[in-house]
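A.B. asks: Sharing a structure here in structure tokens format.
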Amino acid sequence: MLTHLLRTVGRRSLAVVVGLGDFAGFVVRAFAAVGHARQLRKGVTRAIHQQGVRCLLVITVVSLFSGLVLGLQGYYVLARFGSAGLLGTFVSLTLTRELAPVLATLMIVGQAGSAIAAEIGIYRYSEQIDALTTMAIDPLGYLITPRLLAALLVFPILTTAFVLVGTFGGYLSGCCLLGLDSGVYWSNVHSAVRFVDVRECLLKALVFGILTIAICCHSGFTAHRRTGVSGSRAVSISTTRAVVFSSIATLAADYVITSFLV
């Protein structure tokens, strides 16, 4: 019984290590293909539209309501200690250092990441990836590299938009609904956010972007490796795994980055 348990743990541990190594090699090869990728500019433009333009509305809505909630909750919590005037500091730092990078990433993963995993998975099962290889076109450079490069641009921009709209949402709650002086609010926002906070926010956005889009691309690209399933069922499972693993990776990376920068 004990021997069987140890063997099972050992096999699964090795499978995790092999999977991480395969994923790391996948990302490295995708970035290495920048120099010889076919139609790179067109692919990056299309990826920016998919990850950025199509996600802008959901980012705006979520950030506005996040700011509204932070404004309400923060005001009543700070009011208990006679510090309601610090609402601008609370909202701006909470959004900049934590909420904006994480929530923006999760929204982009739900909107664009799932579509990427499903699209590449369909390419795999319709043998379009094999066709690219037959035509001597690197499928990583053609399908994956543009999406990773687009993530480097899209995630920081949308995260910045999340911070700005969320801060305005906090202003609506604290000043327009609860009567806090608007000058005090914006003065605290201006004095609270420093360069190190912005740097941490953008660093998280870059790391989350590369990590999550790479996971989604890898999940779709390896959809044919799912044992026991094939076709649309394998694509469905790959898409679900992409969203789940991307969300977990975002939260884990957030903890690691925060632990080093705090």
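Just so you know, all these numbers are worked out from the coordinates, no wet-lab data involved. These figures come from a predicted structure and were not determined experimentally. Ideal geometry is used to build each Cβ from the backbone, glycine not excepted, and the neighbour counts take in all protein chains shown.
A.B. asks: In debye to the nearest 20, how big a dipole does region 59-207 give about its Cα centre with +1 on each Lys and Arg Cβ and -1 on each Asp and Glu Cβ? The partial results should precede the final answer.
C.D. replies: Details: 7 positive and 8 negative charges, 84 e Å.
Charge dipole of region 59-207: 400 debye, to the nearest 20.
A.B. asks: Tell me the label-point distance for the pair residue 184, residue 20, using the 7 Å Cα-to-Cβ offset, in nm and rounded to one decimal.
C.D. replies: With each label point 7 Å from Cα toward Cβ, the separation is 4.9 nm.
A.B. asks: Which chymotrypsin sites (Phe, Trp or Tyr not before Pro) in region 25-105 pass both tests, a DSSP loop state and at most 13 other beta-carbon atoms within 10 Å? Display every interim value, and only then the final one.
C.D. replies: Numbers: sites: 26, 31, 65, 75, 76, 81, 90; in loops: 81.
Here the chymotrypsin sites (Phe, Trp or Tyr not before Pro) that fit, given the DSSP loop and packing criteria, are 81.
A.B. asks: Using Cα pairs closer than 8 Å and at least 6 residues apart in sequence, work out the relative contact order for the chain, in percent. Spell out each step's value before the answer.
C.D. replies: Working: 342 pairs, mean separation 82.3, N = 262.
Here the relative contact order equals 31 percent.
A.B. asks: Taking the Cα centre as origin and putting +1 on Lys and Arg beta-carbons and -1 on Asp and Glu beta-carbons, what dipole magnitude results for region 2-261, to the nearest 20 debye?
C.D. replies: Values: 20 positive and 10 negative charges, 130 e Å.
The dipole magnitude comes to about 620 debye.
A.B. asks: If you don't mind, another one. What per residue convex hull volume, in Å³, do the alpha-carbon atoms of region 2-261 yield?
C.D. replies: On the way: hull volume 42.1 nm³, N = 260.
Taking the convex hull of the Cα positions in region 2-261, it is 162 Å³ per residue.
A.B. asks: Could I ask something else about it? Can you pull the one-decimal nm distance between simple spin-label points at residue 39 and residue 199, each 7 Å off the Cα toward Cβ?
C.D. replies: 4.1 nm
A.B. asks: Ok, one more. Along the positive direction of the dipole of the chain (beta-carbon charges: Lys, Arg +1; Asp, Glu -1; about the Cα centre), which of 117, 166, 81 reaches farthest?
C.D. replies: Among 117, 166, 81, the one farthest towards the positive end of the dipole of the chain is 117.
A.B. asks: Still on this model: Among 68, 192, 58, whose Cα projects farthest towards the positive end of the dipole of region 57-200, with charges put on the beta-carbon of Lys, Arg (+1) and Asp, Glu (-1)?
C.D. replies: 192
A.B. asks: Say the dipole of the chain comes from +1 at the beta carbon of Lys and Arg and -1 at that of Asp and Glu; which of 143, 154, 257 then lies farthest toward its positive end?
C.D. replies: Checked the options; the winner is 143.
A.B. asks: Here's a follow-up. So the label point goes 7 Å from the Cα of residue 172 along Cα→C-beta, right? Which residues of region 106-150 then have their backbone N under 15 Å from it?
C.D. replies: Taking a point 7 Å out along Cα→Cβ of residue 172, no residue of region 106-150 has its backbone N under 15 Å.
A.B. asks: Sticking with this one: Measure out, as a whole number of angstrom, how far apart the alpha-carbon centroids of region 166-244 and region 110-165 sit.
C.D. replies: 17 Å
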